[in-house]
Every structure is written in C-alpha cells, then in structure tokens.
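Novice: Below you'll find the structure I mean.
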Amino acid sequence: MSILNKLRLNGHLDDTGLAQVWTEQSLTGVQASHTHLQSCADCRTRFASFGAWADGLRADAFAEAGDAFPAERLAAQQAQILRRLEAAERPARVIAFPKFSRPMSAGSSLPARWITVAAVAGLIVGVGVGQRMDLRHSFTEIPATTARLAKPPLSDRPVNPEIRAVSDTIREEAFLSEIDDSLSRASLPELRAFDAFTPRPGERPR
Amino acid sequence: MTGAQAAGMPGREADGAAASAVKAMQAEGRHAEARERYAEFVSRHQRRASRIAFHYMREAAEADEAVQDAFMKAYSHLSSFREEFPFEVWFTRILINGCLDRIKARKRRQRWIAPMPEGPGGERDFLERAAGHGPSPEDLLVAGQRRRALSKALARLPERQRSIFMLSHYEGCTSREVGALTGLNESTVRVHLFRAIRRLRTLLGDSAGTAAYVEKRRVHPK
C-alpha cells in the first residue's frame with residue numbers, strides 16, 4: 001500500500017491490520033477486541049468482509065476435500081483400515097512349499113541314493129584321473145599296442161615244424177635273391193666305381 | 001467464525017478416554033475389543049484426517065493411503081502415547097509426518113516420470129461432473145476456477161506457512177496445538193499464520209479489501 005493510501009485511511013485499519021486482528025482471533029478462538037474495531041463501523045464491516053473471504057477459502061477447501069472423499073469412499077477406507085488392523089494382529093501365516101502330486105522316489109530310496117553317490121564319486125574320480133593322465137598320447141599308441149597284444153608274432157605261435165622249415169627256406173631264398181638283384185642292378189652311375197672295387201664272392205683278391 | 005469454531009473439534013475427552021481404554025485392552029490381549037473401540041475413533045476422525053491429508057497430498061488416492069497408514073501406525077504405537085497433548089493432536093502429527101514423507105518420495109519419483117497432460121480446463125473429470133445432477137455447469141466451472149486459484153496460491157506459500165494456515169484455519173487448531181504439531185513455538189506460529197493470510201490476500205486478490213475501501217473512502221471521506 002502506498003503512503004498516500006495510508007494517509008487516506010486516516011487511522012483506520014489497513015489490510016495488514018485486519019490480517020493481524022484476524023490472526024489473533026483465529027488462533028485464540030476469542031472474538032476480536034481491537035479498540036478501533038469497536039469504535040469504527042467501517043472497519044468492522046471491512047473486518048467482517050475479511051473474515052467472510054477467509055471463511056470462503058475454508059469452504060472451498062472443504063468442498064474440494066469433500067468431493068475427493070465422498071461417504072462411500074470413507075466407508076471403504078474405514079473397512080480397509082479395520083481389515084489391515086485385523087491382519088496385523090494375526091500371526092504371520094507360513095505358506096507351505098508347493099508339494100508334488102506324487103512323492104518323488106529318488107529322495108526316499110536308500111539304494112537309489114547310494115547309486116547316485118557312487119555315480120557322482122566315479123565321475124569325480126574319472127575326471128581327476130583324466131586330468132592327470134596324458135590321454136591323447138595313450139590313445140594314439142593304443143592301436144599298435146593292441147595289435148601287438150592281439151596278434152602275437154609268427155614265431156611265437158605254435159606251428160607245425162614241417163611247415164615252419166619250409167617257410168624258413170623260402171624266406172632265406174627270398175633274402176638272397178634280393179641281394180643278387182641289388183648287386184646285378186647297380187643302376188646308379190655314381191656307385192659304379194664303388195661297385196667295381198667291391199670284391200665279389202668267389203673272386204680272388206687282386 | 002474462527003477456525004476452531006468452524007471445525008467443531010470433536011469430544012477430546014472422549015478421545016482421550018477411548019485411547020486409554022484401547023491401550024489397556026491391547027495390554028490385556030483383548031485385541032478384538034480394542035479394534036472395535038478403535039473403530040469408533042476411526043469413524044469420528046477419518047473425515048478430518050482425509051481432509052488434512054488431501055490438502056497436503058493434493059491427490060485423493062495418496063491421501064487415502066496416508067490416512068490408512070496413519071491410523072495403523074497410531075494403533076500399533078498406542079503404547080507410546082502420552083496424555084501430554086490430546087490424542088487427536090498426537091494422531092494428527094503422525095498423519096502430517098506421513099504426508100510429508102510421501103511428498104518427499106513423490107518429489108523423488110517425479111524427477112524420473114514425465115507429467116500426464118491435463119484436460120483443457122485443467123480438471124480432468126469436468127465433463128463427467130457437468131453431465132451429472134447437481135450444480136449447473138457454470139457453477140461448477142466457477143467453483144473449479146476458484147478452487148484451482150486457491151490451490152495454486154497455497155502451493156506458492158512456503159511449506160511451513162501452508163501447514164500452519166491449514167491446521168489453524170481449516171482444522172481449527174489453536175496456536176498451542178499447531179505449535180505441538182509443527183514443533184514451533186506459539187509466537188512463531190502466529191507470525192507464520194499472519195504472513196500466510198497476507199500472502200494469500202495478495203495472490204488471490206482482495207475484492208473486499210483495502211483497494212475497494214480506499215476507493216470508497218475517496219468518494220465518502222469520513
């Protein structure tokens with residue numbers, strides 16, 4: 001408010017003064033007993049108007065809250081509060097773990113348990129031993145070894161002595177004929193000189 | 001009419017007696033009786049509690065939850081209630097603290113959520129209400145505008161002033177009670193209420209206020 005307006009008020013209560021009186025009255029609940037208000041009808045009228053304006057604010061606020069909370073909603077709220085109170089006082093309900101329609105046999109049979117334990121132990125041992133051994137190497141050797149083990153050498157087998165003698169003779173002849181062939185060939189020119197110096201069986205030394 | 005007169009504070013003695021009785025029943029393990037007795041308190045105060053919560057939260061669903069939580073909390077902590085202040089004041093304090101916690105949580109949430117656009121008039125259910133029985137659409141529109149203006153003006157008040165204005169003027173609490181509810185002394189409450197009403201007067205306009213009076217005085221000087 002400007003100074004000019006204050007001067008025009010001429011000792012009457014301005015809006016701030018009215019607000020002060022209203023605040024006091026509102027907080028104490030006692031009717032305003034301001035000296036100027038008692039003597040000035042204009043200010044009383046203005047104060048009444050101020051109070052009506054403030055009451056209007058409250059009426060609007062109440063109406064808005066009343067719209068937001070009709071009687072049905074309040075009834076539902078009360079019912080909900082009572083339900084929650086009752087639920088809070090009941091001891092906690094433990095929900096059972098879902099059961100199977102038919103009991104599982106694996107969990108109850110003792111032999112089945114032992115089988116499972118043995119299988120698991122075997123698996124663990126197998127994996128452990130597998131880690132320690134060089135399986136790849138042993139796998140590559142297996143065919144030769146197994147062949148040797150499965151098929152012993154010819155000499156170890158029990159054979160008829162006549163057949164054995166014939167086969168030995170054949171083998172010796174084949175060996176000698178191989179030597180003869182190699183001697184007679186001497187196909188490589190670089191080796192011919194060496195061949196010439198090499199004594200033949202039955203030749204006399206020079 | 002003062003706030004206290006308007007709100008017509010329901011029987012405080014009856015509240016105190018009921019609280020003591022419920023406390024005793026709880027201690028003796030008579031829970032069904034205690035609940036029954038407490039239900040009377042709920043029905044007597046839920047309208048007021050809902051109004052306070054709604055003025056804080058500005059949303060009916062959240063206000064509803066805040067009220068329920070406050071009644072639950074008051075019941076479960078009844079053993080800590082001391083007769084220093086009326087039971088109603090103790091309960092209102094629980095309610096207000098709950099509302100303030102929810103407002104804080106909402107502010108945190110709103111940082112991450114984009115706001116929903118409102119209808120052209122800002123009131124989403126205006127058409128539904130206008131089509132029904134009751135006041136005329138024009139009345140509803142005017143009332144709606146007035147309420148929105150009031151709501152906006154209240155929102156522009158500092159939180160402390162707003163709380164004190166609502167508790168004192170809407171709910172009719174005395175300065176001592178408001179002080180007990182807000183943790184402020186009575187003179188501070190007085191100052192905040194005075195500032196709140198002056199600010200509202202400025203924000204909402206004062207058709208019956210000083211400007212008109214000054215004009216009148218100019219025409220008819222005393």
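Each value in this text was obtained by applying a stated rule to the coordinates, not by laboratory testing. Only a predicted model underlies this, so the values are computations on that prediction, with no experimental measurement involved. Cβ atoms come from the backbone with ideal geometry, glycine included; neighbour counts cover every protein chain shown.
Novice: Set the Förster radius R0 to 45 Å, insert the Cβ-Cβ distance between B:HIS77 and A:GLN31 as r into 1/(1 + (r/R0)^6), and round the FRET efficiency to 0.05.
Specialist: Working from the Cβ atoms, E equals 0.70.
Novice: Still on this structure: Take B:ARG176, B:ARG108 and order them by how many other Cβ atoms sit within 10 Å, fewest up front.
Specialist: Ascending number of Cβ neighbours within 10 Å: B:ARG108, B:ARG176.
Novice: If neighbour count is taken as other Cβ atoms inside 10 Å, put A:HIS12, B:HIS192 in order from fewest to most. Write down the numbers at each step before the final one.
Specialist: On the way: A:HIS12 20, B:HIS192 23.
Result, fewest neighbours first: A:HIS12, B:HIS192.
Novice: What's the ranking of A:57-66, B:162-171, A:166-175, A:39-48 by average number of surrounding C-beta atoms within 10 Å, highest first? If you can, show how the numbers build up before the last one.
Specialist: Details: A:57-66: 17.5, B:162-171: 24.6, A:166-175: 10.2, A:39-48: 15.6.
Order by mean packing, descending: B:162-171, A:57-66, A:39-48, A:166-175.
Novice: Starting from the 7 Å offset along Cα-to-Cβ, what nm value, one decimal, do you get for the label separation of B:ALA21 and A:VAL166?
Specialist: A separation of 12.9 nm, rounded to one decimal place.
Novice: Exposure proxy check: B:SER79, B:SER20, A:SER26 ranked by fewest other beta carbons within 10 Å?
Specialist: Exposure proxy ranking, most exposed first: B:SER79, B:SER20, A:SER26.
Novice: Which whole-Hz ³J(HN,Hα) couplings does segment A:39-47 yield from phi under the Karplus relation 6.51 cos²θ - 1.76 cosθ + 1.60, θ = phi - 60°, glycine and proline marked x?
Specialist: Using θ = phi - 60°, the values come out as 9, 10, 5, 4, 5, 4, 4, 5, 5 Hz.
Novice: Let me ask something else. Could you derive backbone 3J(HN,Hα) for segment A:112-117 from the dihedral phi with the Karplus parameters 6.51, -1.76 and 1.60 (θ = phi - 60°), listing whole Hz in sequence and x where the residue is Gly or Pro?
Specialist: 4, 5, 5, 5, 4, 4
Novice: Pick out, in residue order, every one of the GluC sites (Glu not before Pro) in segment B:22-89 that is DSSP loop and has at most 10 other C-beta atoms within 10 Å; say none if there are none.
Specialist: Qualifying residues, ordered by number: B:GLU83, B:GLU84.
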